[in-house]
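FYI, it's all coordinate maths here, none of it is from the lab. Only a predicted model underlies this, so the values are computations on that prediction, with no experimental measurement involved. Note: ideal-geometry Cβ built from the backbone for every residue, glycine included; neighbour counts use all protein chains shown.
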Amino acid sequence: MEYVSRVPRPPLDGLIDDLYYLEGEPPYARLTLPPSPSALLIVNLEAPFRIRAGTDIETAEYADGCVVTMPTRAYEFGYPPGTRSVGGHFKPWGLAPFLPTPATELCDRPVTIEQVWGRPAIAELRDRLATAAGPHEMLTLLEEELMRRLCETPAWHWSAIRATSSRRPAERWRSAT
């Protein structure tokens, strides 16, 4: 399995821990991911993967990719026999500027990228990624797309994200109650 990772350039580095490329035969068919204070965005370029989230009994297929915001429950992630994807591991609340809805509304509910950005946008991005020369070019294309979307984020959105992410966990809990 090939895995390439890099930290994005500023200002994305304040929102994203790393961008990554993954291709090959996974060493396992299914992986249980624990609750996490971070979010995940995956653009899928091969056969659909499957996710069983929270208390769901059924698994759901994700052909174009998915967005997972700070899960409070473990979820099961199933790779196809051959996988190829590009994605990002986001800092707490780092995915918020890229979503059309508050990230909390998606908690414990993985959604397709099509549901988040729309079919034309993800189709075009997947086409560009699929024809890229290699992993490093693919990471650059994803970074450019995220940077473009970040520039479209309203200023008020930024101040809310900074205020929430700069508090210690206990302060966030007290302000929410």
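Could you list 151, 66, 107 in order of exposure, starting from the residue whose Cβ has the fewest other Cβ atoms within 10 Å? Please report the intermediate quantities before stating the final value.
Working: 151 9, 66 27, 107 15.
The most exposed by this proxy come first: 151, 107, 66.
Using DSSP, restrict attention to beta bridges with both residues in region 2-176 and report what percent are antiparallel, rounded to the nearest 5. The partial results should precede the final answer.
Numbers: 36 of 37 bridges.
Within region 2-176, antiparallel bridges account for around 95 percent of the total.
If you rank 62, 75 by fewest surrounding Cβ atoms within 10 Å, what's the result? All intermediate terms of the calculation are to be shown ahead of the outcome.
Working: 62 23, 75 20.
Exposure proxy ranking, most exposed first: 75, 62.
What is the fewest-to-most order of 138, 1 by other Cβ atoms lying within 10 Å of their Cβ?
Working: 138 25, 1 10.
Fewest-to-most ranking of 138, 1: 1, 138.
Using 0.36 nm per residue, how much length does the chain from residue 13 to residue 29 gain when fully extended, once their Cα-Cα distance is taken away?
Details: separation 16, 0.36 × 16 = 5.76 nm, distance 3.10 nm.
Net length gain for the segment: 2.7 nm.
Decide, for region 2-176, between rounded, prolate and oblate: order the square roots of the alpha carbon gyration tensor eigenvalues as a ≥ b ≥ c, take rounded if a/c falls under 1.5, and otherwise choose prolate if a/b is larger than b/c, else oblate. It would help to have the intermediate numbers written out before the result.
Values: a/c = 1.74, a/b = 1.21, b/c = 1.44.
Since a/c reaches 1.5 but b/c is at least a/b, the shape of region 2-176 is classed as oblate.
Between residue 91 and residue 107, how many nm apart are label points set 7 Å from Cα along the C-beta direction?
2.1 nm
Testing the spin-label approximation: label points 7 Å from Cα along Cα→Cβ at residue 6 and residue 149. State their distance in nm.
2.0 nm
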